[in-house]
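Please read the structure below before turning to the comments.
The values are calculated or read from the model by the stated rules, or taken from the named source; none is laboratory data. Because the structure is a prediction, the values reported are computed rather than measured. Backbone-built Cβ (ideal geometry, glycine too); neighbour counts: all protein chains shown. The protein model used for the area step is the full one, side chains on, heavy atoms only, and it has no ligands, DNA or RNA in it. Shrake-Rupley method; radii C 1.70, N 1.55, O 1.52, S 1.80 Å.
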Amino acid sequence: MNSFENIITTNQSGIYKIIINRPATHNSLSVGLLTDLKNAVIEAEKDISIRVVILTAAGDKAFCAGADLKEGLSKGQMPKMSESLINFYNPLIKGIRESGKPYICALNGIAAGAGCSIALACDIVVASSTASLSQIFIKIGLVPDAGASFFLPKIVGNRKAFELFTSGRIVNANECLELGLINEIVEPEMLDQRALEIASSYKNAPTKAIGLIKKMLNKSSHASLDEMLALEAEYQDVASLSNDAGEGIMAFLQKRKAEFKGK
């Protein structure tokens, strides 16, 4: 397992936890942090013992404040942003979305800019009651990035997405829940425990099928009905040949609880 400078990782019985660990900068996204996150996502995907990933952050004020603008300006001028997105942000977002394993975001504070994009890229978001989201790009004259323009309209619709993008306002946890941006809210002291409970349920689930479901959802937003019907047939064949499907069917017939191995 890799050693990282800007994140803390643990693997407990198949639950891989990634903790963003730059609380002094509100967990802002430096090149070093982005590199660590990208490599941790790759590590989680390659390790067959890992069944589910929890992504959270140190401290209680910020999950991630977005890009570390001070780092960019410290070099005298802001680097070309497309290069940073292509080399660091986009691989991270694609790694989460294209992973065959479920990602649970334990949102412990504000997630702004690209930090919001990272949270939205996860499959489940459980949030502290003090957490919030903000598409803050407009406040500094920039446009949404790191997948925000893909995720947000699909969740809230174009009209609401336009409002959130062009105002950059902070959306509190209760409104996030109403809009479908998060799955549930818990008190701050219960966040870690609740994320672990959700992760434990996925750890014992048929991982192969979950990975296929993620792929189906990624394609469904821009595919036709005919295309999705064909994809369902294709993926059902793949799923039915997995060990987990064999175990699930046998357990159903034997009227017992299935013991899925993620294979």
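When the chain is treated as a Gaussian network with alpha carbon springs shorter than 10 Å, the biggest mean-square fluctuation among Gly66, Gly95, Gly141 belongs to Gly141. For the chain, the Kirkwood radius over C-alpha pairs fed into Stokes-Einstein at 20 °C and 1.002 mPa s yields D = 111 µm² per second. Taking all protein chains into account, the per residue accessible area for the chain stands at 52 Å² (1.4 Å probe). Per-residue surface analysis assigns Asp237 an accessible area of about 100 Å², computed on protein heavy atoms at 1.4 Å probe radius. A cut-off of 5 Å between modelled amide H atoms, ignoring neighbours fewer than 5 places along the same chain, links Phe63 with Asn108, Gly109, Ile110, Ala111.
Subtracting the Cα-Cα distance of Gln236 and Leu217 from 0.36 nm times their residue separation leaves 5.4 nm of extension gain. Where only DSSP H runs of four or more residues are counted, the chain gives -13500 deg cm²/dmol as its mean residue ellipticity at 222 nm, each run worth -39500 (n - 2.57). Look at the dipole of the range 56-199 built from charges on Cβ: of Ile104, Leu181, Ala148, the Cα furthest out on the positive end belongs to Ala148.
Expressed as a whole percent, the accessible area of the chain that falls on carbon and sulfur atoms is 56 (1.4 Å probe). Taking each of Lys38/Lys101; Lys101/Lys160; Lys61/Lys160; Lys215/Lys263 in turn, the alpha-carbon distance tops 21 angstrom for Lys101/Lys160; Lys61/Lys160. For the options Ala233, Ala106, Ala65, a Gaussian network treatment of the chain with springs between C-alpha atoms closer than 10 Å singles out Ala233 as fluctuating the most.
Please give the contour-minus-distance gain from Asp226 to Thr25: 0.36 nm per residue of separation, less the Cα-Cα distance, rounded to one decimal in nm. Numbers along the way, then the final one.
Details: separation 201, 0.36 × 201 = 72.36 nm, distance 4.80 nm.
In short, 67.6 nm is gained.
Our estimate of slack between Ile42 and Ile86, defined as 0.36 nm per intervening residue step minus the Cα-Cα distance, is 14.2 nm. A cysteine counts as unpartnered when no other cysteine's C-beta lies under 4.7 Å of its own; in the chain this applies to Cys64, Cys116, Cys176. Peptides 213-226, 126-139, ordered by how many other C-beta atoms sit within 10 Å of their residues on average, highest first, read 126-139, 213-226.
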